[in-house]
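Right, one structure below, let's go through it.
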Amino acid sequence: MYSFTGEQQQFRDSLQRLLREDYPFDRRRGIARSASGWSVETWRQLAEVGALALSLPEAHGGFGGGAMDTFLVMEECGRALLLEPYLSTIVLGAGTVARAGNEAQRAAILPAVGRGERQLALAHYEPGSRYALDAIACEARRDGAGWVLSGAKSWALNGATADQLIVSARTAKGPSLFLVDRTAAGVGVRDYPMYDARRAADLQLDRVHVAPDALLGEEGEAVPCVAAIIDTAIAALCAEAVGAMAILLETTGQYLKTRKQFGTPIGSFQVLQHRMADMLLETEAARSMALLAASRMAGAPPGERSRIVSAAKVRVAEAARHVGQQAVQLHGGVGVTDELPVSHYFRRLTLIEMAFGDVDYHLGRFGRHLFDTQPQ
Amino acid sequence: MQPGFFVEDTAFRTNVREFVRATLPVDLRHKVLAGGRLEKEDYLSWHRILFAQGWIAPNWPRVFGGCEWSPVQQHIFEEECALAGAPGIMPFGIRMVGPVIMKFGSAAQQQRFLPRILSGEDWWCQGYSEPGAGSDLASLRTRAERRGDHYIVNGQKTWTTLAQFADWIFCLVRTATSGRPQEGISFLLIDMRTKGVTVRPIIMLDGEHEINEVWFEDVEVPAANLVGEENKGWTYAKYLLGHERTGNAGVGQCKRWLAELKALAQHQPGNDGRPLADDARFRDRIARLEIDLMTLEVMNLRVLALEQERHAPGPEASMLKIMGSELQQALTETTMQALGHGAAPYPQPLTGRYLNFRKATIYAGSNEIQRNIIARHMLGF
């Protein structure tokens, strides 16, 4: 099996301890109901243990970690059902800045992100684009040396609490990325809770003026950059799903061993034991593909990277649906209540299943090259 | 931060590929790729080639003449051999009884049997199942009574794969009837040429003779052929089954079958007249199979690595057995469906494969038994 280094294991242990002690489910429930939907205090703790800086470049205050390190963090996020904006700020936001940004942009943004002092959000999807990455109607027109942005963005994760938004907009050279202050004049934000208790935002950009240095990366190069970042995010979500599934497996197993009907723990029934065996199989299948995706994230050519990420997303999404639905089913009546964590894990897994492309989308993307590549 | 199990060993792969290309007989290769029925000599000719190269036992320690390859190397070896159209290495000696003799056998047994397993001089078969003892293996009734320095064996084994080729059979026999059924079982090695051993063919649903009944009538077996201790055979049997199940994944074979299915889909007309490869529904099905194969491959590497770390197979082998056998069946099924009613004229290999591989979810402990094992040993039920 893949063995993490001693250093990685130590880090995982300390993160696990932190979340177990300081992020119990009741606390999470309160955080979900708060105005921002996540906790400044927890974010500060994550910064303190180095989780936020882990994957940032060493030159900008980070530890230079790779996708396997992100796997570790995200698996723990999944276990704790963490609400904090790790995916949006670190994986999507800082990932884009690290990939596309120039030296000045990286130096201005990344160290602050690593210290937990700045939040980012990627605003790429648009109303009607569904999962397509190249359907950008948002416009950026030249305005002297700067730019003026207009258009609509949808499903920007944690968009309402980010300090800076990374917005894709079409210039004469094609879709390009821009750094936009969330509080800039002309930025309208509609914040909403999702069914997994996290937050996302739809944005209206009405003649938003930005400076020349707001352009992030080469003009016209947004789509391949966002595609790469979203692949990274999918790999990260796969790891998160594996962590969430592992918890559902544990809690469902405990429930079956204690819940009595017909005078015996219901876990003594073979039909339920086999359901659990299938849930374990699904979880381990998902873990295998999540590990594969993470391990191939660096160095693989874009086509190969996307192929493996799509394969992982298909397998993990199907496992997530299976394990989530079965966990609810095996809990019986209490499984459909808000009171028990099981329904909250189920909701998160359901959202992960649909995030950044559902099974059909990724099956299609994977299948497109089915007959022109040799199986690995 | 190198991901341990995905590091490709290019030099090793090249080495294996070139060796297989240079030494695998062309007619044998064609026979395997065409899905033809293999004879004893077909298996043995490839076995001897690998033996001469020192590659016949990838999973054995060097001290017993094995390769002691890493999990990744074992995986690459199996894959290259399967893709090239080499016959599989018969598991009965190398993967099943060999590891048991190495771990539980006496020094004399090790010296006597292991070299002949490696060289291919002895073909082994597996005497586990009985008419009344399938999933409930511990209820087996073939008796072995100690008389001086011999056991007298009476009873019947069944589903014995390729017993018609075998020189030896390793048998689970009952040596005690008190206590739990598992406690009275012993592990005995029996020469198939001994007086009183009879092999009767069972014809399978594909019309082929692959499995047999093996009857024992007052068969005299030297006590020196008892492996380990009397009445401790259940422990050895489970150890063997773990090894067998890990071997059931069949990743290399699945890769070859998938490649065959893809090739077929590119010229086989689908329901709208265009090739199946251009039919979105069928593409999705092939895509799912390929994703399941990628998953199986990583699972296989993870389980092999665990096995190497612990020096013994664990309950994870049951997951591998379920995933591997289900994928094998899905591949054979989809391939047959690709042929449509073109699959009907019989015999033909692709149809035979579909029929034959219904066995995969039944043998080595049915998949329902594997789920029991997972529930008990991995989930604590």
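The values are calculated or read from the model by the stated rules, or taken from the named source; none is laboratory data. Owing to the predicted nature of the structure, the values given are computational and were not obtained by experimental measurement. So basically every Cβ, Gly included, is an ideal-geometry build from the backbone, and we count neighbours across all protein chains shown.
Overview of results
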read-out: Residue selected from the range B:307-322 under the condition surrounded by 19 or more Cβ atoms within 10 Å (Cβ to Cβ) and in a helix (DSSP H, G or I), by the criterion farthest from the other protein chains (Cβ to nearest Cβ); value: B:Ala317
read-out: One residue from B:Glu8, B:Glu68, B:Glu79 being within 14 Å of chain A (Cβ to nearest Cβ), of a type in the set (D, E, K, R) and not in a helix (DSSP H, G or I); value: B:Glu8
read-out: Enumeration of residues in the range B:135-146 that are in contact with a helix residue (DSSP H, G or I) (Cβ under 9 Å, 6 or more places away or on another chain) and surrounded by fewer than 20 Cβ atoms within 10 Å (Cβ to Cβ); value: B:Ser135, B:Asp136, B:Ala138, B:Ser139, B:Arg146
read-out: Test: residue in the range B:197-206 that is under 19 Å from B:Thr235 (Cβ atoms), assigned to a strand (DSSP E or B) and not basic (Lys, Arg); value: no
read-out: Enumeration of residues in the range B:323-343 that are facing chain A (nearest Cβ under 10 Å) and either outside any helix (DSSP H, G or I) or crowded, with 22+ Cβ neighbours inside 10 Å (or both); value: B:Met323
read-out: Test: A:Val323 is touching a Gly at 6+ places or on another chain (Cβ under 9 Å), touching a residue at least 60 places away in the same chain (Cβ under 8 Å) and away from every other protein chain (no Cβ under 12 Å); value: no
read-out: Some residue of the range B:208-225 being surrounded by fewer than 23 Cβ atoms within 10 Å (Cβ to Cβ), of a type outside the set (Gly, Ala, Ser) and part of a helix (DSSP H, G or I); value: yes
read-out: Of the criteria (1) farther than 20 Å from A:Glu284 by Cα; (2) within 14 Å of chain A (Cβ to nearest Cβ); (3) touching a Ser or Thr at 6+ places or on another chain (Cβ under 8 Å), which one B:Tyr354 fails; value: (2)
read-out: Some residue of the range B:247-265 being out of contact with any Ser or Thr (no Cβ under 8 Å at 6 or more places or on another chain), surrounded by fewer than 17 Cβ atoms within 10 Å (Cβ to Cβ) and either of a type in the set (S, T, N, Q) or part of a helix (DSSP H, G or I) (or both); value: yes
read-out: Any chance A:Leu291 is without any contact (Cβ under 8 Å) to a residue 12 or more places away in the chain, facing another protein chain (nearest Cβ under 10 Å) and within 22 Å of B:Ala249 (Cβ to Cβ); value: no
read-out: Check on A:Ala277, within 18 Å of the chain's Cα centre (by Cα), closer than 26 Å to A:Ala317 by Cα, modelled with pLDDT of 95 or more and part of a helix (DSSP H, G or I); value: no
read-out: Failed item, numbered, when A:Arg347 is tested on (1) in a helix (DSSP H, G or I); (2) within 14 Å of chain B (Cβ to nearest Cβ); (3) over 17 Å from A:Asp278 (Cβ atoms); value: (2)
read-out: Inter-residue pairs, beta-carbon under 8 Å, first under 19 Å from B:Ile322 (Cβ atoms) and in the range B:248-271, second β-branched (Val, Ile, Thr), 6+ apart; value: B:Ala249/B:Val303; B:Trp257/B:Thr332; B:Trp257/B:Thr335; B:Leu258/B:Ile286
read-out: Criterion violated by B:Thr160 - all others in (1) touching a helix residue (DSSP H, G or I) at 6+ places or on another chain (Cβ under 9 Å); (2) closer than 23 Å to B:Arg112 by Cβ satisfied; value: (1)
read-out: Where A:Gly357 falls short, out of the listed (1) outside any helix (DSSP H, G or I); (2) within 11 Å of another protein chain (Cβ to nearest Cβ); (3) among the small types (Gly, Ala, Ser); value: (2)
read-out: Pairs with Cβ under 6 Å, 6+ apart, first in the range A:92-114 and more than 14 Å from A:Ile229 (Cβ to Cβ), second charged (D, E, K, R) and at pLDDT 95 or above; value: A:Ala112/A:Arg118
read-out: Criterion (surrounded by fewer than 18 Cβ atoms within 10 Å (Cβ to Cβ), of a type in the set (A, V, I, L, M, F, W, C), over 30 Å from A:Glu318 (Cβ atoms) and not assigned by TED's automatic domain parsing to the domain that holds A:Gly95) met by exactly one of A:Phe262, A:Phe269, A:Phe178; value: A:Phe262
read-out: Filter pass, B:Leu304 being part of a helix (DSSP H, G or I), in contact with a His (Cβ under 8 Å, 6 or more places away or on another chain) and within 30 Å of A:Leu291 (Cβ to Cβ); value: yes
read-out: Any hit, the range A:241-264, residues being under 20 Å from A:Trp38 (Cβ atoms), over 19 Å from the mean Cα position of the chain (by Cα) and in a strand (DSSP E or B); value: no
read-out: In the range B:35-56, the residues that are touching a residue at least 24 places away in the same chain (Cβ under 8 Å) and of a type in the set (D, E, K, R); value: B:Arg37, B:Lys40, B:Asp42, B:Arg48
read-out: Criterion (at pLDDT below 95 and either polar (S, T, N, Q) or not in a helix (DSSP H, G or I) (or both)) met by exactly one of B:Gly155, B:Gly179; value: B:Gly179
read-out: Test result for B:Gln110, not in a helix (DSSP H, G or I) and not aliphatic (A, V, I, L, M); value: no
read-out: Qualifying residue in the range B:271-291 (condition: buried (at least 19 other Cβ atoms within 10 Å of the Cβ) and of a type in the set (S, T, N, Q)); value: no
read-out: Residues of the range A:286-327 satisfying the condition of being within 23 Å of B:Gln370 (Cα to Cα) and buried (at least 24 other Cβ atoms within 10 Å of the Cβ); value: A:Ala286, A:Arg287, A:Ser288, A:Met289, A:Arg315, A:Val316, A:Ala319, A:Ala320, A:Val323, A:Gly324, A:Ala327
read-out: Residue match in the range A:298-305 (condition: acidic (Asp, Glu), assigned to a helix (DSSP H, G or I) and at the interface with chain B (Cβ under 10 Å from one of its Cβ atoms)); value: no
read-out: Single condition B:Leu118 does not satisfy, out of (1) of a type in the set (A, V, I, L, M, F, W, C); (2) touching a strand residue (DSSP E or B) at 6+ places or on another chain (Cβ under 7 Å); (3) more than 29 Å from B:Asn372 (Cβ to Cβ); value: (2)
